Each structure stands twice: as C-alpha cells, then as structure tokens.
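Report on the following structure.
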Amino acid sequence: MSSMTTEVIDHSTQPEDSPALRALYKSFEEEHVMPLWTQIGDLMPLHPKPKAVPHVWKWAKLLPLAEESGRLVPVGRGGERRALGLSNPGLPGNAYISPTLWAAIQYLEPRETAPEHRHSQNAFRFVVEGEGVWTVVNGDPVRMSRGDFLLTPGWHFHGHHNDTDQPMAWIDGLDIPFSYQNDVGFFEFGSERVTDYATPNFSRSERLWAHPGLRPLSGLQDTASSPIGAYRWEYTDQALTEQLLLEDEGQPATMEQGHAAIRYVNPTTGGDVMPTIRAEFHRLRSGAVTPSRREVGSTVFQVFEGKGGAVIGDVEYSLDKGDIFVIPSWVSWSLWADTQFDLFRFSDAPIMERLHFARSQIEAGRR
C-alpha cells in the first residue's frame, strides 16, 4: 500500500490478514478485479498529486539538438516532421510535457518541405525567432514570423515549406496525450508537397477575420476553433504596451501591478482558440513579481524575450529567451522579471473548465 494511502486510510477499518482473505485477493487478481479499499488514497488524494514534475528546457541546448537533427534526419513521408518532443521526467517513456499536452521543437531546413497531413489532435505553432516558413492550412498559406501564434485546428490538412536559404525552428503545441489517453485520434496523409506554394504576407483567413471587433456577415456561424490562421506579433505587442501605458495613467488595465496579459480568442465565440488548448501572452515590467498561484491543469511557458525567472514549487529557476518550462497541476508558481519579461503561455484550461474541474488559488508573493 502506498504512503499516500497510509495518509488517507484509517487502518483500523482494514480487514485482518487470513488465509481466506489471501484467497479472496488471489481470486480478485485472476478475475482482473481491484478492491477500492487497497487503493483509494492513490485514486482520491486530498489534492492533486501529479506524476508530472516541474522542468525547464533551455533553448541554448534545444536549438543545437534541432540543428544537428536537421543535418542527420530527413523530412518526408513516414517521419513527416522533424519535431523534438519534450518529455517530462515524471512521465518517462512518452514525449509528453504533461498528461494532457505535447510540446515540441520543430525544425525546417532551407528550401525544405514538410508534407501535408491531418489529425484529430488540435495544434498550434509559436515562433520565438526567425521567419521565411509558410504553413499551409487547408490550402491557405500562412506566413510564420517572430512572435506569431498560428493555429492548426483538428482535422485541418497542413504542411510547411521554407522559402529561404536559412533554417527555422519554432514550438509546436498539441493535445496529443489527452487524445491518446481517450482514444479519439484519427490521422490521414495528404499531399507529399504542400497544396499552395504562394508566399502572401497575410493569409486568406486573416484578410477575412483579423479586423478588431468586426465579424464578416459571411461567417455568422460559430466555430469550435478560431477561423484566424495567425495572430500577429505586432498586435500582441501593441495590446501589451497599451495595458502598461494605461496602468501608468492610473487605469485598471493590467492583470496585476506591472503584469500585462492577453488571451488569444476565437472571434466567433469569444472563447478559447481551440476546444482543448488555451493560449496567452504575458509581459512583466522590469522588477515585477507575480503572486504565487496554484491551478488545476497543466501550463507551459516559453520565454519570448528578456530575463527573469520562476519559482515553481520550492525551486527557483533563472530563465532566458527561448527557455520552456512546465507547471504540473496544483504546483505553486510565480514569475519575476529582471528586465522586461515577455512569455508565451498555453494550457489545458478549456478541458478543466468544461468538465468543471477547474480550481485556482492565489497566494502572497514568494520572492
């Protein structure tokens, strides 16, 4: 019996050992039965006890691995993508950054094409540096540039092509672990090339949908995922800048003192961009410290710019541009900024909220 079970169960209620009891337990085993009284502490702890652990992946170490993979591993039918999944040390054997989320570094060599496919899993891309790649989503070429957040909702055909003489890396986020655990995944191969090699500055989806506060009358039906292919950095940057300027003017515009934040939304519903993934962007002023939080569900951050750090559980981590870190369910965390500190964030919050498991707790600052 686990130590957690010992904490929760009053052993005075446990049956006394006897030959008859041992025979009963053997019969349970033969019939694939597990009695609740031997495991309730693991199944129903007093609060979440995640197997996933906090961890930081340093961009300075990830990028050389992606570059070496580019030299040694081709992209094409079969392997499909040159993507390096980030494996949580508490979830060995799987490239899962958390029980519900997948994060990977994808790398495309100059003039290279990743073939088209589609899958039930929802996906996005976030670009921490570089440009020159277009992702083609259901035939719509979408430019990928620094700071852009790009969507590939479930069951959309998509492929990528690099139109330049320079390689490019970005992060992929998907709900693969959640989909795999619940047996909902489908996959289909598409074209070995991409269906459109055009390189427009703005995709058709942006031209139709990415006008603040304006919805086309041709698109009045709500959609499960956002119809916008790319959320551009210039608008994200401007929104965060204006929040902090309004704070300077004494207006209630920021999440906390010195902490500006936005959520990417589906313009047809005002909700999250995809049914299983929430995406946000956070900016801290130099010297800002956030309160310590606990939240049900998994969160992943990538540092976009600046220097700072995080306290996750009882451990302090110093963070630089490109670093990626995961916060498991109900593990406390807070952020601090040594310079202006910009971070992209994604989480499984839509799942937790829709299933009514969401819970959060805010504590005093810890630094």
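Taking the criterion of being in contact (Cβ under 8 Å) with a residue 24 or more places away in the chain, farther than 18 Å from residue 168 by Cβ and small (Gly, Ala, Ser), the residues of the range 36-81 that qualify are 41, 52. Among the residues of the range 105-133, just one is more than 24 Å from residue 323 (Cβ to Cβ) and β-branched (Val, Ile, Thr), namely 113.
Within the option set 108, 91, being open to solvent by less than 50 Å² (accessible area, probe 1.4 Å) and touching a strand residue (DSSP E or B) at 6+ places or on another chain (Cβ under 9 Å) holds for one residue only, 108.
Looking only at residues in the range 107-141 that are among the aliphatic types (A, V, I, L, M) and touching an Asp or Glu at 6+ places or on another chain (Cβ under 8 Å), the one that is farthest from residue 272 (Cα to Cα) is 114.
Note on the range 65-92: residues that are under 17 Å from residue 302 (Cα atoms) and part of a helix (DSSP H, G or I) amount to 1.
Within the range 342-358, being open to solvent by less than 10 Å² (accessible area, probe 1.4 Å), in a strand (DSSP E or B) and out of contact with any Lys or Arg (no Cβ under 7 Å at 6 or more places or on another chain) holds for 343, 344. The residues in the range 204-224 that are small (Gly, Ala, Ser) and closer than 23 Å to residue 128 by Cα can be counted, and the count is 2.
When 331, 300 are screened for being assigned to a strand (DSSP E or B) and of a type outside the set (D, E, K, R), only 300 passes. The condition (being surrounded by 11 or more Cβ atoms within 10 Å (Cβ to Cβ) and within 30 Å of residue 343 (Cβ to Cβ)) is satisfied by just one residue among 35, 54: 54. Number of residues in the range 289-305 that are within 20 Å of residue 359 (Cβ to Cβ) and aliphatic (A, V, I, L, M): the value is 2. The set of residues from the range 272-301 being polar (S, T, N, Q) and surrounded by fewer than 20 Cβ atoms within 10 Å (Cβ to Cβ) comprises 286, 292.
Taking each residue of the range 193-214 that is farther than 15 Å from residue 139 by Cβ and free of Cβ contacts under 8 Å to residues at least 40 places away in the same chain and looking for partners that are assigned to a loop (DSSP other than H, G, I, E, B) and among the hydrophobic types (A, V, I, L, M, F, W, C) with beta-carbon atoms closer than 7 Å, six or more apart or interchain, yields 210/228.
Answer yes or no: is there a residue in the range 180-188 that is out of contact with any Pro (no Cβ under 9 Å at 6 or more places or on another chain), open to solvent by 90 Å² or more (accessible area, probe 1.4 Å) and touching a residue at least 60 places away in the same chain (Cβ under 8 Å).
Going through the range 180-188, the residues out of contact with any Pro (no Cβ under 9 Å at 6 or more places or on another chain) turn out to be 180, 182-188.
Add one more test, that the residue is open to solvent by 90 Å² or more (accessible area, probe 1.4 Å), and what stays is 180, 183, 186-187.
Restricting the remaining residues to those that are touching a residue at least 60 places away in the same chain (Cβ under 8 Å) gives 186-187.
Taking every residue of the range 180-188 in turn, at least one turns out to be out of contact with any Pro (no Cβ under 9 Å at 6 or more places or on another chain), open to solvent by 90 Å² or more (accessible area, probe 1.4 Å) and touching a residue at least 60 places away in the same chain (Cβ under 8 Å).
Taken over the range 310-367, the criterion of being in contact with a His (Cβ under 9 Å, 6 or more places away or on another chain), of a type in the set (Asp, Glu) and under 18 Å from residue 49 (Cα atoms) is satisfied by no residue. Among the residues making up the range 312-332, those that are open to solvent by 10 Å² or more (accessible area, probe 1.4 Å) and in contact with a strand residue (DSSP E or B) (Cβ under 9 Å, 6 or more places away or on another chain) are 313, 316, 317, 318, 320, 321, 329, 330, 331. Selection over the range 235-285 of residues that are among the acidic types (Asp, Glu) and in contact (Cβ under 8 Å) with a residue 12 or more places away in the chain gives a count of 5.
Listed by first and then second residue, the pairs with beta-carbon distance under 6 Å, at least 6 apart or on different chains, first residue in the range 313-325 and in contact (Cβ under 8 Å) with a residue 40 or more places away in the chain and under 24 Å from residue 63 (Cβ atoms), second of a type in the set (D, E, K, R) and crowded, with 21+ Cβ neighbours inside 10 Å, form an empty list.
Of all residues in the range 237-289, exactly one satisfies the criterion of being hydroxyl-bearing (Ser, Thr, Tyr) and part of a helix (DSSP H, G or I), namely 241. Taken over the range 126-178, the residue count meeting the criterion of being without any contact (Cβ under 8 Å) to a residue 60 or more places away in the chain, on the phi < 0 side of the Ramachandran plot, open to solvent by 10 Å² or more (accessible area, probe 1.4 Å) and within 20 Å of the chain's Cα centre (by Cα) is 1.
Taken together, the residues in the range 261-284 that are aromatic (Phe, Trp, Tyr) and closer than 18 Å to residue 245 by Cα amount to 1.
The values are calculated or read from the model by the stated rules, or taken from the named source; none is laboratory data. Bear in mind that the values here come from a model prediction, so they are computed numbers and not experimental data. Every residue, glycine as well, gets a Cβ built from its backbone with ideal geometry; the counts of neighbours run over all protein chains shown. Protein only, heavy atoms only, side chains kept; ligands, DNA and RNA dropped before computing areas. Shrake-Rupley method; radii C 1.70, N 1.55, O 1.52, S 1.80 Å.
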